[in-house]
Amino acid sequence: MPVSKEVHLVARPVGEPTPADFALVETTVADPGPGQVLVRNDWMSVDPYMRGRMNDVKSYVPPFRLDHVMEGGAVGTVVASESPEVPVGATVLHFQGWREYALVDGAHATVVDTEVAPAQAYLGVLGMVGLTAYAGLTAVAGLREGDVVFVSGAAGAVGSLAGQIAKRLGASKVIGSAGGPEKGRRLLEDFGYDAAIDYRRGDLEGQLAEAAPDGIDVYFDNVGGDHLRAAVQAMRVHGRAALCGAISVYNSTEPVPGPDNLALLVGKRIRLQGFLVGDHGDLAGEYRERAASWLAEGGLYAEETVVDGIDHAVDAFLGMMRGANTGKMLVRLAQRS
């Protein structure tokens, strides 16, 4: 029975979370029972949606419980198994991250093929992150060949893939917004964006008008707030927006005013649609097949920002919320014998 370090939520954050809201706890993990597997987690994911789970409010996913280990995506190696479908040595994807070892029902452990891509890719480009970008562009925004696409949070996990996927699906021009000149450079040189906006410079509407003088057709929203306002202003008639996230307001303690130009939705016949990736599981097989092909061809680049050790998992989460990552933020868990 291995000793495992795990991260607990010990206080509900008010505004921006701090390290004091979390605790690193050691626990002994039981041997697997019938149908269970014991997984040594090798990689875990930190994601913006986790901030919402730290609040004790009703939402589409239950809040984290205080003084309990948190949850999240992870991939790891099966070290003991009582499940005939999941053998020892298999690499599996599951939802019991934020810990070094996890006892998982075999039915909730998905064996992944590490010959197609490295294990951690199933937390990013071949996992929920990539499917979010694909579903948002296809099923939600109805991307058409020739569309001009604007993506906010374009250097993040979802945004860095959304721009590339939009180009693969026939967008004529893809514009991304990120913070600072270095991330802007990465958008152009590494992620295939045609134009980059530095939101830290201000005047989002002016920068977007310069990048897309004839307007945009599709907006993929990871930020909300002023970015959504700028996108509505720039939309052409029958524009479509896929509302994936609003990281600009996740730490707000008071209601944040929405865009003041929503009257434009009427005359332009704009459609704004929020979505959850969980509603689009039917696209997972289709997306994974296409993405694996794009990766093999070198037509899809998956960037990762890696932090080492469960002891620094909270640092990785807090850094991600402040925009410290380019591409997917991952925690590489220390290997233990």
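The values are calculated or read from the model by the stated rules, or taken from the named source; none is laboratory data. The structure displayed is predicted, hence computed values, not measured ones. Note: ideal-geometry Cβ built from the backbone for every residue, glycine included; neighbour counts use all protein chains shown. Side chains are part of the model used for accessible areas, which takes the heavy atoms of the whole protein and leaves out ligands, DNA and RNA. Shrake-Rupley method; radii C 1.70, N 1.55, O 1.52, S 1.80 Å.
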For this session: With respect to Asn222, determine if the residue is touching a strand residue (DSSP E or B) at 6+ places or on another chain (Cβ under 7 Å), modelled with pLDDT of 95 or more, within 30 Å of Pro181 (Cα to Cα) and polar (S, T, N, Q).
Result: yes
Exercise. Considering only segment 128-146, how many residues are open to solvent by 10 Å² or more (accessible area, probe 1.4 Å) and on the phi < 0 side of the Ramachandran plot?
Worked result: 8
Problem set entry | Check on Leu295, within 17 Å of the chain's Cα centre (by Cα) and either within 24 Å of Met44 (Cβ to Cβ) or assigned to a strand (DSSP E or B) (or both) | no
Problem set entry | Some residue of segment 77-86 being open to solvent by 10 Å² or more (accessible area, probe 1.4 Å) and touching a Leu at 6+ places or on another chain (Cβ under 6 Å) | yes
Problem set entry | Every pair of residues 6+ apart whose Cβ atoms lie under 6 Å, when the first sits in segment 194-223 and is within 15 Å of Ser172 (Cβ to Cβ) and in a helix (DSSP H, G or I) while the second is open to solvent by less than 20 Å² (accessible area, probe 1.4 Å) and not acidic (Asp, Glu) | Ala211/Ile175; Ala211/Ala195
Problem set entry | Residue among Glu115, Glu145 that is more than 27 Å from Gly215 (Cα to Cα), assigned to a loop (DSSP other than H, G, I, E, B) and not hydroxyl-bearing (Ser, Thr, Tyr) | Glu115
Seminar exercise, completed: Within segment 241-274, the count of residues that are open to solvent by less than 80 Å² (accessible area, probe 1.4 Å) and either under 21 Å from the mean Cα position of the chain (by Cα) or among the aliphatic types (A, V, I, L, M) (or both) comes to 20
Exercise. Checking Met320 against (1) in a helix (DSSP H, G or I); (2) in contact (Cβ under 8 Å) with a residue 12 or more places away in the chain; (3) closer than 30 Å to Gly89 by Cα, which single condition isn't satisfied?
Worked result: (3)
Seminar exercise, completed: Inside segment 153-195, the number of residues satisfying the requirement of being small (Gly, Ala, Ser), within 24 Å of Tyr250 (Cα to Cα) and buried (at least 24 other Cβ atoms within 10 Å of the Cβ) is 12
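Residues are listed down the side, and each one gets a yes or a no for (1) in contact with a helix residue (DSSP H, G or I) (Cβ under 9 Å, 6 or more places away or on another chain); (2) in a helix (DSSP H, G or I); (3) modelled with pLDDT under 95:
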site	(1), (2), (3)
Val79	no, no, no
Gly89	no, no, no
Leu131	yes, yes, no
Leu137	yes, yes, no
Gly163	yes, yes, no
Lys167	no, yes, no
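A quick yes/no check of all residues on (1) under 20 Å from Val223 (Cα atoms); (2) touching a residue at least 60 places away in the same chain (Cβ under 8 Å):
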site	(1), (2)
Asn251	yes, yes
Val256	yes, no
Asp260	yes, no
Val266	no, no
Gly274	yes, no
Trp294	no, yes
Lys328	yes, yes
Exercise. Counting only residues that are free of Cβ contacts under 8 Å to residues at least 60 places away in the same chain and in contact with a strand residue (DSSP E or B) (Cβ under 7 Å, 6 or more places away or on another chain), which one in segment 55-73 is most open to solvent (accessible area, probe 1.4 Å)?
Worked result: Asp67
Exercise. Among the residues of segment 240-260 satisfying the criterion of being assigned to a loop (DSSP other than H, G, I, E, B) and touching a Lys or Arg at 6+ places or on another chain (Cβ under 6 Å), which is farthest from Pro13 (Cα to Cα)?
Worked result: Pro259
